[in-house]
Amino acid sequence: MSEIYDLMCEYRKNPCCIDIPNPRFSWKIGSEKENISQTSFEIRVWEEKTGKAVWNCRRDSGDSVHVEYGGEPLRSNRKYVYAVTAVLNDSETVSSGKEGTFETGFMDGSEWKGRWIGAGRKMTECPVFRKTFHVSGKVERARLFITAKGLYDVHINGKRAGDYELAPGWSSYHDHMYYQAIDVTELVTGGENGIGVRLGEGWYNGEISFNRQNQVYGKVPAFLAQLVIENEKGEQVIISDRSWMASGSGILFSGIYDGEIYDKTKEPEGFSLAGFDDSDWEAAEEEDPPEGRLCGMANEGTKRIEEISPLAIICTPAGETLIDMGQNMVGWLQIRISGRRGDELHFQHGEVLDGEGNFYFENIRTAKQETRYILSGEGEELLEPHFTFQGFRYVKVLKFPGPVRAECFRGIVLHTAIEPAVEFSCSDERINQLWHNLVWGQKGNFLDVPTDCPQRDERLGWTGDAQIFCRTACFNFLSDSFFTKWLQDVKADQYQNGAVPFVVPDVLPRDWRFLTEAGLGPEQTSAAWGDAVVIVPWTLYLCYGDKRILEDMFPAMERYITYIREGSRHGSGNPWVWDWGAQLGDWLALDNEEGSYRGGTDEYFVATAYYAYSTGILYKSAEVLGKREDGIKYRRLYERIVSSFKSSYMKEGRIVQRTQTAQILPVYFGLLDGKETSLAVQTLVGLLKENDYHLKTGFIGTPCLCFVLTYHGYSDIAYRLLLQEDYPSWLYQVSKGATTIWEHWDGKKPDDTFWSPDMNSFNHYAYGSIGDWLYRCVSGIEIHEDSPGYKHFMIRPYPGDALEHVSCSYESIYGTIFSQWKREGGKICYKVRIPANTTATICLEGREPREVGSGTHHFSCPMA
């Protein structure tokens, strides 16, 4: 028997805040039978409360992803149910065993009746607010719609409402802000009720970015809330307004970088209860609404994902007491303790130990990463921060009442609640640890925006880092809604001239020393960083078959290419090369002088190669979207750029520059013909041999390196690079005990000294882009560009002699793709699983390509 499962609406299971008129539905078909595909489907959507049908749609189609709603206009604050039935090519009819749901937010912004309220500027600590309200009759349904300029948490009748952390998240506030819809039916009761909200500064007006700047978006935090209660008597609405009361709280300080100070002796315990005495509180103050529009939450939100127990309590040679979590993680330390009133606790968080085994903190720069608590003395107390997070493996105990015991502590891991999508394992445990590290690097840095690092005074959405890791990210986790949300910020923050900021949301201070010294002024960008506006949407299209993201981002993609072309007046005047403005180049490559941030590859070489690559994506995007004239225009531009690239940087068919990255980029980007490609690959191999088969590439060259070698007959060298254990290499980090990916190849040097503390994160996913090669080449799971989203794909592994077996399971939007190979009895045996409603081409060494349908397939080939 077959089944329909994993019903999704806008990439999410049972989302609760849809406020777009035409959400899309997807489902998967599970079947043990072979060669199964869908021939038709029927989808029914109805209101849960009334049972009224709003859309019945039947189509003779194999579509099972991105089916766009086309029924009656959706109403605000309604719960809708949908079910899918499909007919398969063997005439079996299957239905979704479990119905899907989605709830709407406010379809029209005018439906917000609440007022923005805050505590004004007279309260320096994180303020709290409360209101008592009466409900007549039994509550049938209650939804709280809430957002904040800053961060909020909310309690009703003494219980936490919802499971979001650091809500409402971080966005380009000047353009748009997100609100959440929380089901509070079980919290609201008939009779008297209390609701309480706590505010923190967060990214909105707390310290963020460099130069210790704060109040980037506004001066004081505020919130907007609307509680809608339904019962047999109708609808009751409780709104935020000046009838709420405000007070200070036990949080004396809370900041993203510096941590939190929480005095429980000053906490107004029970302030969300109906009977709380607020007679000495002040009325809340009404605040101006934000500049940006309000949007329903577009991703899964930041949540507590898992908990970690400490590995050990250690005493360092310097006499420090440390809590070792055993994993470099992002979140916070939870403490469970009983003590006396006024007892103090003080902790500092760091990533690594120095060569002598002592706590190392210099790489955190000016961020304090501290938490401090003062106990109330009222029995066992559970302590954790509210509006901050730390990146850490080690916690230094600066003050603690009594013995430090492991059972008192838990590590709370936070990240956007994206679902894991891949499992990888092989016969080499070092590579398995590398895979673990790159997955945890994504966990630590996908906290509402794709940050560069989660611990120092930065934690920003660097665009270049995001685009080079995007393909790996989409394997690791179901990242479609995450990146779609972030791309709205990219589009909002794109400058008028088409340039894309280095970080999104764009919070870099215009007088930041690094930018001014590099000649990077306002409204300028660098290749590879600015190209995120083109490459990330195209990657999402390839991975998920999502045309809507291309449609939405196409104008921004065009503006970026126009920015590069028109900027030629600042350089040679040639509109087909990018030879003007400051560039970041092959960031942190090792082929320049020791300690340099920039690599040795000519930065305009890198810029022009990216100019060609992104223009090629633009013309292909135009063709996908049916924009024929645009496709022709941008294809011609692409051809002119490629021609100019060759005339500028090649001589007699060879690339003039003799760096590894200079050979890699034009080959990977497809800018060369057959002979030129062959010469570039030969030069690359020669350069690797000269360096004893060690890489020298940085952020730009590294993601493409092993692909170029593998696709052009040198997979043995790609494996050799992967398996190098001495510096510089991926496994060098593993040999040094890394549990996440480092920012620098030599973050910790062979002699156990450190790279400069100015910029040395030990949780920075850029070099984790090797995961893309592990999945696509080692495991062999490869997209077919003409059939994106894995509707038709390839299984094309390149087995390495040093590995005995490899297994990879990837949860695509159509279902589970499984690829396994192992050496057995003089043969390489392959096991492949293709999900229903898809097909694949199997490409194995020594065999003709073969197209197969769904099901489990076995193959074997003699070992070479």
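Data for the structure
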| quantity | calculated |
| --- | --- |
| Gyration tensor verdict on segment 1-69 (Cα atoms; rounded if a/c is under 1.5, prolate if a/b is larger than b/c, oblate otherwise) | prolate |
| Per residue accessible area in Å² of the chain, where ligands, DNA and RNA are left out and the probe is 1.4 Å | 36 Å² |
| Segment 154-281, relative contact order [Cα under 8 Å, separation at least 6], % | 26 percent |
| Ellipsoid equivalent to segment 612-670 - semi-axes via the Cα gyration tensor, in Å | 27, 12, 6 |
| Sequence ranges 80-88, 812-820, 277-285, ranked by mean other-Cβ count within 10 angstrom, highest first | 812-820, 80-88, 277-285 |
| Burial order of peptide ranges 258-269, 488-499 (average beta-carbon count within 10 Å, highest first) | 488-499, 258-269 |
| Distance between segment 473-487 and segment 749-828 - C-alpha centres, whole angstrom | 18 Å |
| Fraction of beta bridges assigned by DSSP in the chain that are antiparallel (%, nearest 5) | 90 percent |
| Tail beyond 21 Å, pair distance distribution of segment 457-529 (Cα, percent) | 28 percent |
| Rg over Rh, two decimals, segment 256-377 (C-alpha only, Kirkwood Rh) | 1.06 |
| Cα-based shape type of segment 196-312, given that a ≥ b ≥ c are square roots of the gyration tensor eigenvalues and the cut on a/c is 1.5 | rounded |
| Heavy-atom accessible area order for Glu380, Glu676, largest first, 1.4 Å probe | Glu380, Glu676 |
| Kirkwood Rh, angstrom, segment 350-431 [1 / mean 1/r, Cα pairs] | 16.6 Å |
| Proportion of all alpha-carbon pairs of segment 55-151 beyond 19 Å (%) | 66 percent |
| Estimated 222 nm signal from helices in the chain, with DSSP H stretches of n ≥ 4 weighted -39500 (n - 2.57), rounded to 500 | -7000 deg cm²/dmol |
| As computed over segment 637-781, the Cα convex hull volume per residue (Å³) | 136 Å³ |
| The chain, relative contact order [Cα under 8 Å, separation at least 6], % | 11 percent |
| Percent carbon-and-sulfur accessible area, the chain, ignoring ligands, DNA and RNA, probe 1.4 Å | 45 percent |
| Highest to lowest packing among 406-417, 756-767, scored as the average C-beta count within 10 Å | 756-767, 406-417 |
| q = 0.18, 0.27 Å⁻¹, segment 254-327: log10 I(q)/I(0) [Debye, one scatterer per Cα] | -1.18, -1.17 |
| Per residue, the convex hull volume that the Cα atoms of segment 167-215 enclose (Å³) | 101 Å³ |
| 10 Å binning of all Cα-Cα separations within segment 775-828, expressed as whole percents from 0 upward | 24, 49, 21, 6 |
| Tensor-based shape of segment 390-531 (alpha-carbon gyration tensor, a/c under 1.5 rounded, otherwise prolate or oblate) | oblate |
| Coordinate range along principal axes, alpha carbons of segment 296-452, Å, largest first | 49, 47, 30 |
| Cα point-scatterer Debye curve for segment 678-745, base-10 log of I(q)/I(0) at q = 0.15, 0.19, 0.24, 0.28 Å⁻¹ | -0.47, -0.74, -1.11, -1.38 |
| Taking the C-alpha atoms of segment 519-611, convex hull volume expressed per residue in Å³ | 112 Å³ |
| Kirkwood Rh in Å, taken over all unlike Cα pairs in segment 108-224 | 15.4 Å |
| GluC sites (Glu not before Pro) within segment 620-667, DSSP loop, no more than 16 other Cβ atoms inside 10 Å | Glu652 |
| Span-rule helices in the chain, defined as complete DSSP H runs reaching 30 Å or more along the axis (Cα) with Kyte mean at least -1.0 | 603-624 |
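The values are calculated or read from the model by the stated rules, or taken from the named source; none is laboratory data. These figures come from a predicted structure and were not determined experimentally. Cβ coordinates were reconstructed from backbone atoms using ideal geometry, including for glycine residues, and neighbour counts include every protein chain displayed. In case anyone asks, the SASA skips ligands and DNA or RNA and just uses the protein heavy atoms, side chains included. Shrake-Rupley method; radii C 1.70, N 1.55, O 1.52, S 1.80 Å.
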